[in-house]
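The values are calculated or read from the model by the stated rules, or taken from the named source; none is laboratory data. None of the values given here were measured: they were computed from a predicted structure. With ideal geometry, Cβ positions are generated from the backbone for all residues, glycine too; neighbour counts draw on all protein chains shown. The protein model used for the area step is the full one, side chains on, heavy atoms only, and it has no ligands, DNA or RNA in it. Shrake-Rupley method; radii C 1.70, N 1.55, O 1.52, S 1.80 Å.
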Amino acid sequence: MRVRRGRSRPRGGAAYRHGPAPLGRSASRSRRGALMLDHVIKGATVVDGTGAPAYTADVGVRGGRISVIGKITQGSRTSEDAHGLVLAPGFVDPHTHYDAQLFWDPYATPSLNHGVTTVAGGNCGFTLAPLNPGRPEDADYTRRMMSKVEGMSLVALEQGAPWNWHGFGEYLDALEGRIAVNAGFMVGHCALRRYVMGPDAVGGQPSRAQLDAMVALLHEAMDAGAWGLSTTQSSTHSDGDGQPVASRHAEPAELLALSRAVGEHEGTQIEAIVAGCLDQFSDAEIDLLVEMSAVAGRPLNWNVLTIDAAVPERVPRQLSASERARKAGGRVVALTMPILTPMNMSLGTFCALNLIPGWGPVLGLPVPERIARLRDPGVRAEMLRRAESKEAGVFRRLVDFGRYVIGDTYSAANRGLTGRVVRDIAAERGQDPFACLVEICAADELRTVLWPMPSDNDPGSWALRAETWQHEDVLLGGSDAGAHLDRMCGAPYTTRFLGDCLRGRKLVGLEQAVRMLTDDPARLFGLRERGRLREGWHADLVLFDPERIDAGRARLVHDLPGDSPRLDSRALGVRAVWVNGVEVIRDDVVTGAVPGRVLRSGRDTRTVSTR
């Protein structure tokens, strides 16, 4: 089958912006004395992303590319002393939801602060495009869906993005030239279904003509630069009306037809979520993931592999999908986080607790009625029974309420409880932990902030993580950056992981840690000339202090459109970040430059074939 090439122009008319042609190593050397460099970083400890041992060198940048690595004597417009600092390739985050935030925050904060120079968006089947021009109401449906399923502020979605596109290419064009990070996007299955089927996308099955139209729409999106298809079958994904999102109604034949289309384009991928991602795959789910990847001949990644020594059977079961895929001519890659991301929860707002089987109907009631139901011992007993059952899967980890820490409180009755562990308060009051937690929250009319302490922070779980990270089909990522903004802050996983590797548990060495954050995801996505420090490659760089690199504690700020809240985290020890050779961060402050590029399949990615 002939591979489709990307169009020379995206739909919407704007010509692709090509960077300078790459300089080969010999060519760059021959010109070292001839041209002035834009910037020189002197005496850095270079960790190049390949896993090779670190070495000391000067690095010169010109025209957005790494021009020289070695001893530099030629002139430059600017320079800086980097002795004692590490220079690495910019980090690549393989799973974000910055699709909307980039319009009001072109810097993709806090990811950019933490050294991330390339983000992959459009995950989990959810994108802001395409939108059917014959149904203006679809934009409102999409905003409400994104607000519910990805925890984005509805006010920010309404006020912060222009919503002036219909086709996927027009959406990409709307971002071109105005972002500080490099960003590539999958096209969401839910958007494809909604465009073709309208409201029938939820609950309905496409006719033959409708399925053909969906496939054609996917081809059009990939012609314009979409990285491929993302889809979800997860039971936790519901739209703004509380109904299962559109892609959850798709049957295997539809998913396979779309997957085949992905295989007809250069530099494409598949990202898929199924219910078993949260705990353990069913046989049918493994069959589906394997066949989707195999018929496309493209890698498929899924999110997120939870590693817990208390459930030792989970990792081998989840990775059996990868083993099956390789035998079938596909590749299935698991994303896993190298840190434990703190979760900000509440009984008053939608959070992970709502996703526990049987809890949604109770936690979705009006606040007075919700409080009354939660105070009923029989209701609490049934909620705990459901939460501890096998069907709850990974959410079973959330119901050890004695381990919760009380965050912000709002009533006189709760004065002095902030920072205390629920188990201790319950013992003082002679209550069981869940009843105690309910009474604390009820006194605040359910506004109390709750911090669940992770149950998998033991040496056994960390040893299992270090072992699992070495698997060829395991990739670090799954931050969800740009989503669940007031509930979690996964974006700083890069700096926190490096700090842990250098000064904490030291589960992997610095060179390997950098490779896991840079070259590994770049090679999975087939990124052209990114992910390594190499002469002629794009100058996406992060300069950091190995003695200080880390992430600050997450804090709630109100800086979204409409004064909506989100969690943010300072980057510690990051001296500077460059995107395409332009400085975008200096000492945790954005410079205002927007040199990022919309990375389009085929032009900016090459095919990573599984065959």
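Cβ contacts < 7 Å: first residue over 10 Å from LEU87 (Cα atoms) and crowded, with 17+ Cβ neighbours inside 10 Å, restricted to region 42-62; second residue at pLDDT below 95 and not acidic (Asp, Glu), any location; separation 6+ or different chain. Result?
ARG62/LEU35
Within region 493-507, restricting attention to residues that are surrounded by fewer than 22 Cβ atoms within 10 Å (Cβ to Cβ) and charged (D, E, K, R), which residue is nearest to ASN344 (Cα to Cα)?
Residue satisfying both the conditions and the ranking: ASP500.
Considering region 259-272 alone, what residues qualify as being touching a Cys at 6+ places or on another chain (Cβ under 9 Å) and either over 23 Å from ILE307 (Cβ atoms) or open to solvent by 10 Å² or more (accessible area, probe 1.4 Å) (or both)?
Listed by number, the list is empty, since nothing qualifies.
Go over the candidates GLY562, GLY552 one by one and state the one that is of a type in the set (Gly, Ala, Ser), within 26 Å of HIS484 (Cα to Cα) and more than 22 Å from the chain's Cα centre (by Cα).
Matching residue, one of GLY562, GLY552: GLY562.
Return a yes/no flag: does region 22-37 have any residue that is surrounded by 19 or more Cβ atoms within 10 Å (Cβ to Cβ), modelled with pLDDT of 50 or more and not in a helix (DSSP H, G or I).
Taking every residue of region 22-37 in turn, at least one turns out to be surrounded by 19 or more Cβ atoms within 10 Å (Cβ to Cβ), modelled with pLDDT of 50 or more and not in a helix (DSSP H, G or I).
Here are ALA226, ALA253, ALA216: which of them is open to solvent by less than 40 Å² (accessible area, probe 1.4 Å), over 30 Å from VAL362 (Cβ atoms), of a type outside the set (Lys, Arg) and in contact with a helix residue (DSSP H, G or I) (Cβ under 9 Å, 6 or more places away or on another chain)?
Of the residues listed, the single one that is open to solvent by less than 40 Å² (accessible area, probe 1.4 Å), over 30 Å from VAL362 (Cβ atoms), of a type outside the set (Lys, Arg) and in contact with a helix residue (DSSP H, G or I) (Cβ under 9 Å, 6 or more places away or on another chain) is ALA226.
Can you say whether GLU285 is in contact with a strand residue (DSSP E or B) (Cβ under 9 Å, 6 or more places away or on another chain) and either outside any helix (DSSP H, G or I) or over 14 Å from PHE126 (Cα atoms) (or both), as far as the supplied structure shows?
The answer is no for GLU285.
Can you tell me which of (1) of a type in the set (Gly, Ala, Ser); (2) within 26 Å of MET214 (Cα to Cα); (3) touching a residue at least 24 places away in the same chain (Cβ under 8 Å) is the one SER322 doesn't meet?
(2)
Take the residues of region 82-106 that are of a type in the set (Phe, Trp, Tyr) and not in a loop (DSSP other than H, G, I, E, B): which is nearest to LYS71 (Cα to Cα)?
PHE91
Just checking, which of GLY531, GLY490, GLY581, GLY573 is within 30 Å of VAL155 (Cα to Cα) and either crowded, with 24+ Cβ neighbours inside 10 Å or at pLDDT 95 or above (or both)?
Answer to the check: GLY490.
Could you please find all residues in region 584-611 being small (Gly, Ala, Ser), in contact with an Asp or Glu (Cβ under 9 Å, 6 or more places away or on another chain) and surrounded by 18 or more Cβ atoms within 10 Å (Cβ to Cβ)?
SER601, GLY602
Among the residues in region 330-338, are any in contact with a Ser or Thr (Cβ under 6 Å, 6 or more places away or on another chain), not aliphatic (A, V, I, L, M) and not in a strand (DSSP E or B)?
Checked region 330-338: at least one residue is in contact with a Ser or Thr (Cβ under 6 Å, 6 or more places away or on another chain), not aliphatic (A, V, I, L, M) and not in a strand (DSSP E or B).
Anything in region 566-609 that is over 19 Å from the mean Cα position of the chain (by Cα), more than 30 Å from GLY228 (Cα to Cα) and assigned to a loop (DSSP other than H, G, I, E, B)? List them, or say none.
GLY573, ASP587, ASP588, THR591, GLY592
Out of all the residues in region 67-83, is one or more of a type in the set (Asp, Glu) and touching a Ser or Thr at 6+ places or on another chain (Cβ under 7 Å)?
No, because not a single residue in region 67-83 is of a type in the set (Asp, Glu) and touching a Ser or Thr at 6+ places or on another chain (Cβ under 7 Å).
Can you name every residue in region 305-318 that is of a type in the set (A, V, I, L, M, F, W, C) and open to solvent by 10 Å² or more (accessible area, probe 1.4 Å)?
Residues satisfying the conditions are ALA309, ALA310, VAL311, VAL315.
Here is a list: ARG396, ARG429. Which entry is more than 30 Å from the chain's Cα centre (by Cα) and either more than 22 Å from MET337 (Cα to Cα) or free of Cβ contacts under 8 Å to residues at least 24 places away in the same chain (or both)?
ARG429
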